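The values are calculated or read from the model by the stated rules, or taken from the named source; none is laboratory data. These figures come from a predicted structure and were not determined experimentally. Cβ coordinates were reconstructed from backbone atoms using ideal geometry, including for glycine residues, and neighbour counts include every protein chain displayed.
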Amino acid sequence: MAQVDALVSSAKPRAVKYSKNVGVVVPLASNATILEMVGLDFMTQFCCAVTPGTNAFDAFIVSVKFHIDGPYVVIANQATDYTSPTGLMVKASASLVTLAAATAGWFILNVTGVCAVKVEASAGTGAGTADVYASAR
């Protein structure tokens, strides 16, 4: 299924943006974008829940853009980036790098000054799928 985005409310005092990608393919040992949310101007918090379908992850990467024309900058890709978060990573349920199949995981980012977030993953034992849900406010 293709990624679906929605801006639910842009009324003051706060806008809320939702995005989901259900059944997205996660390739074997090759990072693929499983969710990308742009247009985070004036947002302060990004929350993401992910569940690998058939195979565990062997990589999970979170990147951000500080300018829409700039490059993505990796802010989390190691187990300790999630278990002992610092910087923009506020909290995570566990290490998402080795998240087991059919196990839900989540993370929260401070996105003040960030204009886009990209989430990538790869599967460890064979191509699989994942369900990804995110919101920003």
Handout entry: Qualifying residue in segment 99-109 (condition: surrounded by 14 or more Cβ atoms within 10 Å (Cβ to Cβ), more than 11 Å from the chain's Cα centre (by Cα) and either at pLDDT below 95 or in a strand (DSSP E or B) (or both))
Key = no
Practice task
Take K91 and decide whether it is touching a residue at least 60 places away in the same chain (Cβ under 8 Å) and either out of contact with any strand residue (DSSP E or B) (no Cβ under 6 Å at 6 or more places or on another chain) or not in a loop (DSSP other than H, G, I, E, B) (or both).
Solution key: no
Problem - Any hit, segment 21-35, residues being hydrophobic (A, V, I, L, M, F, W, C), over 16 Å from the mean Cα position of the chain (by Cα), surrounded by 15 or more Cβ atoms within 10 Å (Cβ to Cβ) and part of a loop (DSSP other than H, G, I, E, B) - result: no
Practice task
Inspect segment 74-82 for any residue being over 16 Å from V119 (Cβ atoms) and part of a loop (DSSP other than H, G, I, E, B) and give the result as yes or no.
Solution key: no
Exercise for the section: Could you list all residues from segment 77-94 that are over 13 Å from G105 (Cβ atoms), surrounded by fewer than 17 Cβ atoms within 10 Å (Cβ to Cβ) and of a type in the set (A, V, I, L, M)? Expected result: V90
Fill in the blank from the handout: Quick count over segment 47-73, residues being in a loop (DSSP other than H, G, I, E, B) and closer than 20 Å to E36 by Cα, is 8
Exercise for the section: Go through (1) touching a residue at least 60 places away in the same chain (Cβ under 8 Å); (2) buried (at least 18 other Cβ atoms within 10 Å of the Cβ); (3) charged (D, E, K, R) one by one and return the number of the condition K65 breaks. Expected result: (1)
Problem - Members of segment 37-53 that are hydrophobic (A, V, I, L, M, F, W, C) and surrounded by 14 or more Cβ atoms within 10 Å (Cβ to Cβ) - result: M37, V38, L40, M43, F46, C47, C48, A49, V50
